[in-house]
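Contents: one structure, followed by commentary.
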Amino acid sequence: MPIDDLAYLFHHVPAVIAHRGASRRAPENTLEAFRLALELGAHAIELDVMLSRDRVPVVIHDTRLERTTDGTGQVHEHTWAELGDLDAGSKFSAAFRGARIPHLEHVLEEIGRRAWINIELKNYATRGDGLEQVVVDLVARMGLGRKVLLSSFNPLSLGRAARLAPQVARGLLTMPAMPVFLREGWLAFVAKPHSYNLHLDQTNVRSVRAARARGARVCAWTVNDPTDAVRIAAQGVDGIITDVPDVILAALTRNPQRG
Ligand code: G3P
Ligand code: MG
């Protein structure tokens, strides 16, 4: 059975978790997107975090800056002072010009008091950089251990988090494109996940049952079609990670599955 069933996070089931914030309507992984997600009624947000050159945890998805900001090069080659000055809004739309890459602490401070946060540890390209330590230290210092779910595709990263902060919830991400031992969660004994965060294409009655048998929750990503959301809610998923929280919430309200 699980270390904890995460009832303290999942007040609403299925929880609607805004993927990179309300990222269809605002620039992903910015405070603007996180604020909007909560305004739209999301129960939680998902974000991606990696380290700057001076080891500041910054909230951004890509290892490179070009797609979402006016910067160039690798995130980990820049200091926080440099990254914090970039425009992370204009590439999305002119209306968001001046939006910034957030420091994880600023997101935890503002959003962590109002909703729970799925923090994806995005150090796949820089394994062994100590990101897990930096994040669990920050979460502990802010007293938010029961407001976060640490997630990763890398079970070894979650294993490190488990050793550093066993009480902080962990979500093991999987997707069909991974090698079978990762896709099927064969290293789950290292990660000891409280939740399996499955790609939508892996989400079905059988995978939900398998996670339950391991005493874990199930979240599915990235679910942007209301029909998919209603179907997997009926299959018993606990969380729906989506770019369009308002659309998914409306669909679930129209088609209530569970009380
Ligand atoms: O948490 C699910 C999802 O965020 C994983 O993929 O690439 O969007 O970070 P990605
Ligand atoms: Mg992510």
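The values are calculated or read from the model by the stated rules, or taken from the named source; none is laboratory data. Treat the numbers as computed from the prediction; the structure is a model and nothing was measured. Note that each Cβ is placed from the backbone with ideal geometry, even for glycine, and that neighbours are counted across all protein chains shown. All accessible areas refer to the heavy atoms of the entire protein, side chains included, with ligands and DNA or RNA removed. Shrake-Rupley method; radii C 1.70, N 1.55, O 1.52, S 1.80 Å.
For this structure, a couple of remarks:
- Top-ranked residue in segment 157-169 [being assigned to a loop (DSSP other than H, G, I, E, B) and open to solvent by less than 60 Å² (accessible area, probe 1.4 Å); ranked as nearest to residue 223 (Cα to Cα)]: 168
Residues are listed down the side, and each one gets a yes or a no for (1) touching a Gly at 6+ places or on another chain (Cβ under 8 Å); (2) on the phi > 0 side of the Ramachandran plot:
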position: 78; (1), (2): yes, no
position: 84; (1), (2): no, no
position: 96; (1), (2): yes, no
position: 100; (1), (2): yes, no
position: 118; (1), (2): yes, no
position: 123; (1), (2): no, no
position: 128; (1), (2): no, yes
position: 132; (1), (2): no, no
position: 141; (1), (2): no, no
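- Test: residue 48 is at pLDDT 95 or above and within 16 Å of ligand 2 (Cβ to nearest atom): yes
- Residues within segment 212-231 that are surrounded by fewer than 24 Cβ atoms within 10 Å (Cβ to Cβ) and of a type in the set (A, V, I, L, M), tallied: 2
- Residues that are of a type in the set (A, V, I, L, M) and in a loop (DSSP other than H, G, I, E, B), drawn from segment 30-56: 40, 42, 56
- Looking only at segment 1-41, residues that are open to solvent by less than 40 Å² (accessible area, probe 1.4 Å) and either at pLDDT below 95 or of a type in the set (A, V, I, L, M, F, W, C) (or both) come to 16 in all.
- Residues in segment 126-150 that are in contact with a His (Cβ under 8 Å, 6 or more places away or on another chain) and either surrounded by 18 or more Cβ atoms within 10 Å (Cβ to Cβ) or at pLDDT below 95 (or both): 126, 149.
- Boolean, residue 139 is within 16 Å of residue 105 (Cβ to Cβ), touching a strand residue (DSSP E or B) at 6+ places or on another chain (Cβ under 6 Å) and free of Cβ contacts under 8 Å to residues at least 60 places away in the same chain: yes
- The set of residues from segment 17-66 being of a type in the set (Asp, Glu), closer than 28 Å to residue 250 by Cα and either within 16 Å of ligand 1 (Cβ to nearest atom) or in contact (Cβ under 8 Å) with a residue 24 or more places away in the chain (or both) comprises 28, 32, 46, 48.
- Segment 13-24, subset under 30 Å from residue 95 (Cβ atoms) and part of a loop (DSSP other than H, G, I, E, B), residue nearest to ligand 2 (Cβ to nearest atom): 20
- So residue 65, is it open to solvent by less than 10 Å² (accessible area, probe 1.4 Å) and more than 30 Å from residue 235 (Cα to Cα): yes
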